[in-house]
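The structure appears right after this line, and notes come after that.
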Amino acid sequence: MNTMFLSIDKLRKTYGAVVAVDNVSLEVPEGEFLTFLGPSGSGKSTTLYALAGFDEPSAGDIRLRGASILSTPSHKRNIGMVFQRYTLFPHLSVHENIAFPLRVRHQSASDIAARVKAMLTLVRLEGYGARMPAHLSGGQQQRVALARALAYDPPVLLMDEPLSALDKKLREEIQIEIRRIHQETGVTILYVTHDQEEALRLSDRIAVFNHGRIEQVGTGRELYHNPATRFVAGFVGDSNFLEVADAEVRGERARITFPDGTTLANVPVHGGASASGTGELMVRPQSLRLSTDGSGLPVRVRDVTFLGDTSTVLFETAWGQEIWLRAAASQINNATPGANCHLEWNATESHWFA
Amino acid sequence: MLLSYRKLGGLRIALWAITLAVCLFLLVPIIFIAALSFGSSQWLIFPPPSWTTKWYHELFADPRWLQAAMTSAKVGLLSAALSVFLGLLASFALVRGSFPGRGILRALFLTPMVLPVIVFAVAIYALFLRIGLNGTLVGFVIAHTVLGFPFAVIAIVNSLEGFDKSIEDAAVLCGASPLQAKLKVTLPAIKLGLFSAAIFSFLISWDEVVVAIFMASPTLQTLPVRIWGALRQDLSPVIAAASTILVAFTLVVMALAALIRSRMNK
Amino acid sequence: MSQTTVAVERSPRRGRGIGPAVPAMLLLALFFIIPVFSLLLRSVTEPELGLQNYGELFATSTYARVFFNTFMVATVVTAVTLIIAYPVAWLLAIMPQRHANLVMAVILISMWTNLLARTYAWMVLLQRTGVINTTLMKLGLISEPLALVKNLTGVTIGMTYIMLPFVILPLYATIRAIDPSTLQAAALCGAGRWQAFRRVLLPLSAPGAAAGGLMVFVMSLGYFVTPALLGGASNMMLAEMIAQLVQSLLNWGLGSAAAFVLLVVTLAIYALQIRFFGGMR
């Protein structure tokens with residue numbers, strides 16, 4: 001078995017001089033929930049639209065079970081898609097919306113009725129068949145859209161920020177629904193979002209897009225704990241970036257020196273940077289602790305914000321950079337604005353980027 | 001507060017007085033004509049000495065009036081159908097196309113609406129004299145399609161712009177061919193716009209006088225042309241009867257349109 | 001991370017897509033653009049090549065009078081409709097919805113009533129033995145019937161009647177779009193009613209007034225039916241003159257020249273409008 005279920009191979013899309021997708025390659029095993037995460041304009045939606053066949057790639061290939069799908073027109077690709085905006089057919093009832101793909105496939109009336117019923121059950125909208133889309137809430141509309149996209153058993157389901165028009169609470173509710181439906185149907189899902197929390201919550205793996213390229217592909221844990229690039233480090237999870245005056249690389253680790261002379265050994269090196277030099281150190285706010293013995297990075301407290309369970313503290317380094325930590329409120333009782341203290345963290349939880 | 005109805009004070013009364021006067025000014029002539037068409041006075045004395053339907057009898061006794069009405073209906077329906085068809089295609093290009101000069105094309109499509117009709121009337125008259133379309137049904141339909149087309153474009157472009165292309169894309173991904181998706185999803189979704197386009201372009205043709213005066217021959221006249229001809233001779237109450245029917249017909253079409261529109265909206 | 005990789009996302013295939021517009025373009029090219037241009041061509045080729053038609057048009061006092069009449073009537077009609085329409089549009093924009101619906105219905109019905117029917121009504125109303133004259137005489141306000149028709153007075157009254165909706169509607173739309181809180185702000189700044197009207201409401205509604213006014217002015221310049229029926233033979237307006245030159249006198253050269261003048265003035269006014277008020281409504 002060396003043919004991957006879905007492979008995107010050196011995909012490239014340009015609009016005139018603008019490169020929207022730049023050499024994107026990706027392998028997706030059957031049944032995976034893969035999310036394209038990135039800021040707007042990073043090429044994630046363009047890649048999705050190339051899969052749907054609405055955007056013809058300038059170069060590269062997309063293969064499903066080993067066969068290229070690029071020459072197949074959209075309506076024959078048999079791919080399901082849920083769009084960012086509500087795309088129910090406004091003149092058709094919920095039932096007829098879900099039946100639409102089955103009718104254009106000339107299925108028998110009884111098959112259609114059974115399938116629509118099963119789909120309504122799947123998205124938990126039993127009894128809504130006769131409703132018109134205008135009489136549904138946004139969340140319900142997207143669930144019907146999901147049912148319609150799954151009705152014809154597509155091998156791949158594309159979802160283009162389907163929850164971006166919904167409010168936060170509803171969004172979380174439907175995220176749970178989507179996970180359940182993924183588990184029940186086993187369909188391969190490619191999901192586009194710019195919301196890292198949504199990506200972490202839903203996905204088996206995440207592909208982080210930036211400037212038309214994929215920066216890193218991996219599970220949420222991998223991206224969080226082992227960001228391959230500075231961009232991933234900054235985009236997934238909260239982060240502090242500290243200026244590094246000098247770094248000595250020894251194998252996979254580096255010994256770094258901050259502008260104020262403080263040093264830190266055993267820092268993981270990323271992005272294939274082997275040469276020593278300057279750069280930036282990323283450390284998560286949660287990894288920081290106030291040191292009790294006067295060792296670590298000397299800083300001054302600028303501001304303390306109480307957030308209930310946790311507090312955040314904003315510090316300033318000796319060379320004027322801001323750095324913040326988050327911790328249980330009880331652990332940082334003694335931090336008051338203006339106070340001088342030291343910050344320490346486990347060197348292996350920080351990352352140096354050249 | 002000048003834009004708060006409740007706080008206008010005395011100004012409100014003044015504004016209402018003017019508004020009511022204007023409403024009367026706009027309505028009275030129409031009602032007046034309808035009343036006169038039932039008055040017995042040959043000289044259109046108002047209030048009429050007594051009431052009668054003899055002008056309507058006279059109107060219906062003259063086959064030329066009926067013929068003119070039939071011609072009007074034929075020209076109106078045909079040019080409305082053509083306007084909507086061409087307008088639909090053109091709107092797809094204007095809304096979905098990405099060719100250079102799209103804005104210019106849009107402006108061009110609307111020019112027949114803003115140019116003085118007399119210029120177009122004389123121009124098309126000159127052309128039709130030369131190619132022998134003057135005084136023919138085809139000539140009438142072509143000329144009125146040019147005039148009705150901009151209204152069709154406006155109505156259809158509006159509704160097509162309000163229609164999310166993603167819905168059509170969704171239909172295509174569901175397995176409908178691009179043409180099927182347009183016929184089964186897009187057209188039903190913009191049917192209100194198509195309907196308005198049809199009504200507008202029909203009424204434009206139905207009420208059109210200037211081009212029709214040039215286009216008409218003694219044997220082929222629309223209703224407005226006949227009224228025009230009669231008006232130039234005298235102010236006979238038969239014209240009042242014909243006008244009343246014309247107005248009533250327009251009102252019926254508008255009322256029906258409003259009714260169907262509210263049905264569709266449900 | 002070069003400069004050029006600023007990507008345009010969410011841009012499904014749109015193609016070029018001019019194809020469907022081709023039939024309509026053909027229709028307009030064959031039956032609108034070509035006829036209009038060949039008409040204009042005739043103004044400099046008939047009876048012979050040259051500008052003598054334009055010379056004759058501007059030098060002959062009869063024609064000059066027609067131009068003067070046309071501009072006079074258009075100007076007066078525009079001014080009068082603006083003054084009458086403003087209070088109506090203003091009230092319409094702020095009155096309770098159910099009243100507004102009624103007033104709107106009246107405006108729309110009048111607008112969609114056949115033009116000939118409405119003009120006919122005014123011919124009857126304004127004639128020597130018409131209701132207006134008989135009423136005025138009965139009231140003893142006049143002893144002789146006024147000449148209200150077959151002259152420019154009749155044309156002006158009839159045209160004002162026809163044009164009113166075309167000013168009320170754009171003005172209404174503009175005033176409706178004004179945020180009432182701007183006037184509250186004006187009041188808080190110390191502006192009295194007159195000040196608030198002159199310094200806030202009037203300037204904010206000016207674009208609507210300009211759009212409606214220009215539209216009426218342009219329409220009036222080229223109007224045919226109402227002036228032809230309510231005006232007299234000695235008080236012709238431009239459109240009727242063009243029709244007569246072409247249809248009765250068969251003087252295509254002169255008729256085309258007059259049509260061209262009308263066309264240029266119309267386009268110039270639209271160009272002004274687009275230049276100053278951005279786009280035509």
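The values are calculated or read from the model by the stated rules, or taken from the named source; none is laboratory data. Predicted model, so just to flag it, every value in this text is computed and none were measured. Glycine gets a Cβ as well: all are built from the backbone with ideal geometry, and neighbour counts include every protein chain shown. Protein only, heavy atoms only, side chains kept; ligands, DNA and RNA dropped before computing areas. Shrake-Rupley method; radii C 1.70, N 1.55, O 1.52, S 1.80 Å.
Summary of computed values
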quantity	calculated
Mean Kyte hydropathy of -1.0 or more with a Cα span along the axis of at least 15 Å, helices from DSSP in chain C	C:34-45, C:61-94, C:97-112, C:115-126, C:152-177, C:202-221, C:252-277
Listed residue pairs exceeding 27 Å between alpha carbons, taken from A:Lys76/A:Lys117; A:Lys44/A:Lys117; A:Lys117/B:Lys184; B:Lys74/B:Lys191; A:Lys44/A:Lys169	A:Lys44/A:Lys117
Accessible-area ranking of A:Lys169, A:Lys13, B:Lys191, largest first, probe 1.4 Å	A:Lys169, B:Lys191, A:Lys13
Between C and B, accessible area buried - total, square angstrom, nearest 100, 1.4 angstrom probe	7800 Å²
Pairwise FRET efficiency - A:Glu126 versus A:Thr3, Cβ, R0 = 30 Å, nearest 0.05	0.15
Environment charge of C:Asn53, counting only residues whose C-beta is closer than 13 Å and scoring Lys/Arg +1, Asp/Glu -1	-2
For residues of C:35-42, the mean tally of beta carbons on other chains within 10 Å	5
Environment charge of C:Phe67, counting only residues whose C-beta is closer than 15 Å and scoring Lys/Arg +1, Asp/Glu -1	-1
Candidate residues B:Leu24, A:Leu150, C:Leu49: accessible-area rank, largest first, probe 1.4 Å	C:Leu49, B:Leu24, A:Leu150
Accessible area (Å², 1.4 Å probe, nearest 10) - C:Arg176	120 Å²
Spin-label proximity, C:Arg176 to the stretch C:98-116 - amide N less than 18 Å from point 7 Å beyond Cα toward beta carbon	C:98-112
Cα gyration tensor, the stretch C:61-277 - rounded (a/c under 1.5), prolate or oblate	oblate
Efficiency of FRET from Cβ geometry, A:Asn23 and A:Glu248, R₀ 45 Å, rounded to 0.05	0.85
Gaussian network model of chain B, springs between alpha carbon atoms under 10 Å - residue of B:Trp55, B:Trp43, B:Trp206 with greatest fluctuation	B:Trp43
Using alpha-carbon coordinates, inclination of helix A:94-104 to the longest axis of chain A, degrees	70 degrees
Per-residue [θ]222 nm for chain C (sum of -39500 (n - 2.57) over DSSP H runs n ≥ 4, rounded to 500)	-23000 deg cm²/dmol
Label-reachable residues, the stretch B:135-169, where backbone N falls under 18 Å from a point 7 Å from B:Leu77's Cα toward its Cβ	B:137-142, B:144-145
Listing of the stretch A:180-227 residues, each with accessible area lower by at least 40 Å² in the full protein assembly than in the chain alone (probe 1.4 Å)	A:His211
Cα gyration tensor, the protein assembly as shown - rounded (a/c under 1.5), prolate or oblate	prolate
Area hidden from solvent between A and C (accessible, protein heavy atoms only, 1.4 Å, total, Å²)	1500 Å²
Residue mean of other protein chain beta carbons inside 10 Å, A:18-25	3
Relative packing of peptides C:243-250, C:115-122 - highest average C-beta neighbours within 10 Å first	C:115-122, C:243-250
Local net charge near C:Asn114, Cβ-Cβ under 11 Å (Lys/Arg +1, Asp/Glu -1)	-1
Gain in span if fully extended, A:Glu222 to A:Ser295, counting 0.36 nm per residue against the direct Cα distance	23.3 nm
The stretch A:269-316-the stretch B:223-266 distance, computed between alpha-carbon centres (Å)	81 Å
Percent accessible area from carbon and sulfur atoms, the protein assembly as shown, protein chains only, probe 1.4 Å	61 percent
DSSP-defined beta bridges in chain A - what % are antiparallel, rounded to 5	75 percent
Cα long-axis angle, helix A:168-185 against chain A (0 to 90 degrees, to the nearest 10)	60 degrees
Distance in nm between pseudo-label sites at B:Arg64 and C:Gln195 (7 Å out along the Cβ direction from Cα)	6.8 nm
Residue-normalised accessible area of chain C, expressed per residue, 1.4 Å probe, Å²	45 Å²
At R0 = 35 Å, FRET efficiency that the Cβ-Cβ distance of C:Ala105 and A:Ala165 yields, to 0.05	0.40
Solvent-accessible ranking of A:Asp22, A:Asp153, largest area first, probe 1.4 Å	A:Asp153, A:Asp22
Shielding by partners - mean other protein chain Cβ count within 10 Å, residues of C:88-96	6
DSSP H segments from chain B that extend 20 Å or more along their own axis, Cα-based, with Kyte-Doolittle mean of 1.6 or above	B:10-37, B:117-131, B:137-161, B:237-265
